[in-house]
Structures are given as structure tokens and as C-alpha cells.
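What follows is one structure encoded as C-alpha cells, with my remarks underneath.
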Amino acid sequence: MSRPAGAVRLSLWRDRTFGTYWIAQSLSAAGDSFAYLAVPLLVLQATGSVARMGLLTAVAGAASVVAGIFGGVLVDRYDRRTLMIVTDLARLVLYALVPLAWLAGPQVWLLFVVLPICEAAGMVFQVAAVTAVRNLVDRDRITEANGRLQATYAAAAVLGPLLAGVVSARFGPAVAIAVNAASFAISTVGLWLIRLRPAQPDDAAPVTRQRPLVEFLAGARFLWRQPVLRALTVLLSVFIFLTYGFTDVLIYHVTHDLGGSEGTVGTVLGLAAVGTIAGALLVAPLRRRRGFGVTWIGAHAICGFAVAGVGLATTVPTVTALTAVYLCCLSVGGICSMSLRQEITPDHLLGRVTSAFWSTHYALGPAGAVALTWAAARYGVAAVAVVAGAGCLLVAIGGLFTPIRRAGSEPTLPQELQPAPAGGTVVG
């Protein structure tokens with residue numbers, strides 16, 4: 001999506017609409033980091049079981065995958081901004097129930113109700129948020145916008161876990177979840193204050209509504225017909241299986257193996273989030289200079305070494321540094337693949353392609369979380385981390401034998417990355 005010739009092109013720093021969206025979502029991300037830390041701590045405090053933490057992660061992940069099947073259909077059918085506001089309000093109410101219920105004592109069962117619904121709503125929100133970037137900035141600035149969004153999300157996440165650790169240690173994890181609930185109110189206000197650009201005529205193809213599953217499959221077909229997107233989906237499915245439970249295992253490692261407190265966990269996650277900032281700032285120049293393939297493959301290879309290193313680390317500072325490296329490379333790889341989808345997918349299919357991509361490669365995540373946390377409890381974090389890290393390295397090596405390796409840099413996309421003809425794929 002480009003502006004008309006002669007139109008004034010503002011810097012992203014001075015774009016009021018983008019700036020409002022940017023600030024509101026960054027503050028919301030800071031709130032999210034409270035639940036990111038507090039939910040596992042609530043389960044660990046009440047049950048003492050890393051396997052139970054993994055089970056909750058799996059149930060929530062499964063709900064997210066199911067929501068992803070229909071999330072893209074909703075995003076392509078209805079106003080994206082309105083959907084984001086509705087899902088924010090739903091999560092505000094649901095997360096607020098947790099600290100209220102905890103006043104009567106631990107209610108672990110409630111987390112198994114609230115978290116899956118919130119994750120499902122969050123999936124719809126994320127699909128809408130990704131597609132909204134196309135309606136916020138010009139197409140040639142998508143990677144820059146994604147990088148800045150992710151960098152500031154991460155900057156907020158540096159302070160978030162630190163404060164969450166302090167709040168959890170002093171007042172309990174339930175209060176930290178209340179802070180997350182409040183963050184959705186901030187996000188709602190920010191979204192209410194902006195307006196998204198309409199789709200350009202070449203993107204806004206006529207849409208015929210059909211059954212949700214049929215519409216979802218239209219996105220899946222587009223995804224499968226793109227060689228690079230197809231390879232990314234397959235390889236990331238394996239990567240997600242290996243790493244979906246990483247945060248649970250990390251928290252267990254710091255508290256159980258290294259004797260850390262809730263505050264220690266918050267410090268580790270907060271400082272490690274600096275890695276996400278670094279990755280978000282590095283991704284655009286890396287992709288321009290090295291190309292998509294080299295950047296994506298290299299990032300996931302380093303992730304593998306970092307995951308293995310976390311399990312073998314025997315001190316908190318070492319765990320923190322390696323987690324920062326992992327998050328840096330995860331940020332680089334994630335922004336690369338997200339930007340690529342936004343660049344080459346027609347606007348009227350973007351929601352469905354995004355949900356098909358996420359639903360497919362997150363499908364194995366819940367099973368991976370259960371397997372990873374169960375194995376950590378039975379065999380120890382070190383053995384599990386080494387196996388998971390080796391698997392991540394194999395994912396990167398696998399990319400060398402796919403069209404990912406040959407994918408070039410922006411703005412000129414190789415032939416295999418050009419959008420597929422719309423005929424036969426658009427069904428509404």
C-alpha cells in the first residue's frame with residue numbers, strides 16, 4: 001500500500017496514527033509481561049509441579065490454535081480495529097476474575113478456564129494486529145514498522161518482568177495478573193483513538209462469504225502455493241514443538257535448580273528481553289544486507305545453541321545472557337517471516353493466510369509444551385534443553401535445503417515470492 005505521488009511522507013516517528021497505536025500496544029505489552037510471569041508462578045506456588053504448568057500451557061495453546069482457524073476469517077470479514085477492541089475488552093474482564101477469585105484462596109481450576117479463552121481471544125487480536133500494520137504504513141515500510149513495534153514491545157517487556165517479579169514477591173502473582181487486566185484497558189483506548197487506512201483497490205478484491213472452514217482453506221491454499229511460506233510453515237511447526245514450553249522450563253530451572261525467587265525470575269526475563277529489543281532493531285539492516293534466507297536460517301541456528309546453553313548453565317547470569325541471545329534471534333526470525341507474509345499476501349487474504357500460518361505451525365506447540373515440561377521433571381532440564389537445542393539447529397539446517405535459502409532481500413522479491421494469482425484462491 002503506497003501513498004499517492006506527491007503526498008507528504010512522514011517519518012514513522014512523526015506519524016500520529018502509527019505513534020498512537022505504537023504507544024498503546026507497547027504499554028499493553030508491558031502489562032502482558034506480568035501475566036507471562038505470574039500465571040506459571042501461580043500454578044507453581046499452588047501445585048509445585050512443572051508438569052502442571054506445561055499442561056496449562058498446552059490447554060491454552062490448543063485453544064489458540066483452534067481460534068486461529070476462524071480468526072483469519074473474522075479478520076477478513078469484519079473491521080479489524082473493532083475486533084481488536086472487542087478482544088481487548090474480553091481479556092480485561094476475564095483476567096480481572098483471577099485476582100478476585102484468588103481472594104478466597106488458590107483456584108487453579110479457574111486458570112484452566114480463563115487462560116484458554118484469553119489465548120483464543122489473543123489469537124484473534126494478534127491476527128488482526130498483524131494485518132493492521134498493512135493499514136497503518138506504506139508497504140515498503142512494513143519491516144521498519146514491525147521492527148519498531150517489536151523493539152518497543154520488548155523495551156516495555158524489560159521493565160515489565162522486573163516489576164512483575166517485585167509485585168509477585170511482595171503482593172503475590174494474582175496482583176500481577178490484575179495489572180495485566182488493566183493493560184487491556186489502555187490498549188482499548190489507544191485503538192479507539194485511531195483509524196486504519198482502507199485497502200487499496202488492487203487489494204480489496206470482491207469477497208464472497210462461504211462457510212468459515214472453506215474461507216480458512218483459501219488462506220491455507222495461498223500459503224501452500226508459495227514455496228518459501230510453505231517451507232517456513234513446516235520448519236516452524238517443528239521449531240514451535242521444541243520451544244513452546246521453554247518459558248515454563250526456564251522458570252522451573254531458575255527456581256528449582258538454581259534456587260532463585262519470584263524476583264529472580266522477573267529479573268532474568270526482564271534483562272533477557274533486551275535481546276528482543278536488539279533483534280527488532282537489527283532485523284531490517286540484516287535482511288537488507290544478507291537477504292531473507294541467510295538472516296532467518298542464521299537466527300534459528302543460534303537459537304538452538306542458546307536453548308542448549310540455558311539448560312547446561314549453572315548460574316543465573318549465564319542463564320540470563322543465553323536467554324537474551326535466544327530472544328534476540330527469535331525476534332529476528334519472527335519479524336522476518338511476519339514481514340514477508342505481509343508484503344506478498346493480498347490484503348483481502350492477509351487475515352486468513354496469517355491464521356493458517358499460525359494455526360498450522362502452532363498446532364504441535366501444546367503437545368511440545370507437555371512433552372518438554374514432563375521430560376524436564378523426569379530427566380532434568382539439562383538433558384531436555386540439549387535435545388531441544390539440537391532439534392532447533394536441525395530446523396535451521398533443514399532451511400538450507402528449501403527455497404528459504406535462496407530467498408532474497410527487499411525490496412525486489414524473487415519470482416518464487418511473488419503473490420500467486422488470485423483466481424481460484426479467493427472464496428471469501
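Roughly how many percent of the accessible protein surface of the chain is carbon and sulfur, given a 1.4 Å probe and a whole-percent answer? Walk me through the numbers before you get to the answer.
On the way: 11540 of 17070 Å².
That fraction is 68 percent.
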>> Using a probe radius of 1.4 Å on heavy atoms only, what accessible surface per residue do you get for the chain? Whole Å² is fine.
In response: 40
> Hey, what angle do you get for helix 50-77 against the long axis of the chain, alpha-carbon based, 0 to 90 degrees rounded to 10?
Replying inline: 20
>> How tilted is helix 142-171 with respect to the longest principal axis of the chain? Cα atoms for both, answer in degrees (0 to 90, nearest 10).
In response: 20
> Taking the chain as a Gaussian network, where each spring joins two C-alpha atoms under 10 Å apart, which residue of Y153, Y379, Y21 fluctuates the most?
Replying inline: Y379
> Is the shape of region 54-179 best called rounded, prolate or oblate, per the rule: a/c under 1.5 gives rounded, else a/b larger than b/c gives prolate, else oblate, with a ≥ b ≥ c the square roots of the Cα gyration tensor eigenvalues?
Replying inline: oblate
>> Compute the helix-to-body angle for 316-344: its Cα long axis versus the longest principal axis of the chain, expressed 0 to 90° and rounded to tens.
In response: 20
> Using a 1.4 angstrom probe and counting only protein chains, how large is the accessible area of T264 in Å², to 10?
Replying inline: 40
> Using every alpha carbon pair in the chain, what percent of pairs falls into each 20 Å bin from 0 up to the bin containing the largest distance?
Replying inline: 27, 61, 12, 0
> Under a GNM of the chain (C-alpha, springs under 10 Å), which listed residue has the highest mean-square fluctuation: A324, A182, A369?
Replying inline: A182
> Hey, what do the phi angles of region 233-247 turn into as Karplus ³J(HN,Hα) couplings, whole Hz, using 6.51/-1.76/1.60 and θ = phi - 60°, x for Gly and Pro?
Replying inline: 4, 5, 5, 5, 4, 5, 4, 5, 4, 7, 10, 4, x, 4, 5
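So what is the calculated 222 nm ellipticity per residue for the chain, using -39500 (n - 2.57) for each DSSP H run with n of 4 or more, over all residues, to the nearest 500 deg cm²/dmol?
Numbers: 15 runs with 327 residues, N = 428.
Here the helix-only value at 222 nm equals -26500 deg cm²/dmol.
The values are calculated or read from the model by the stated rules, or taken from the named source; none is laboratory data. Owing to the predicted nature of the structure, the values given are computational and were not obtained by experimental measurement. Each accessible area value is taken on the protein alone, full model and side chains, heavy atoms only, with ligands, DNA and RNA left out. Shrake-Rupley method; radii C 1.70, N 1.55, O 1.52, S 1.80 Å.
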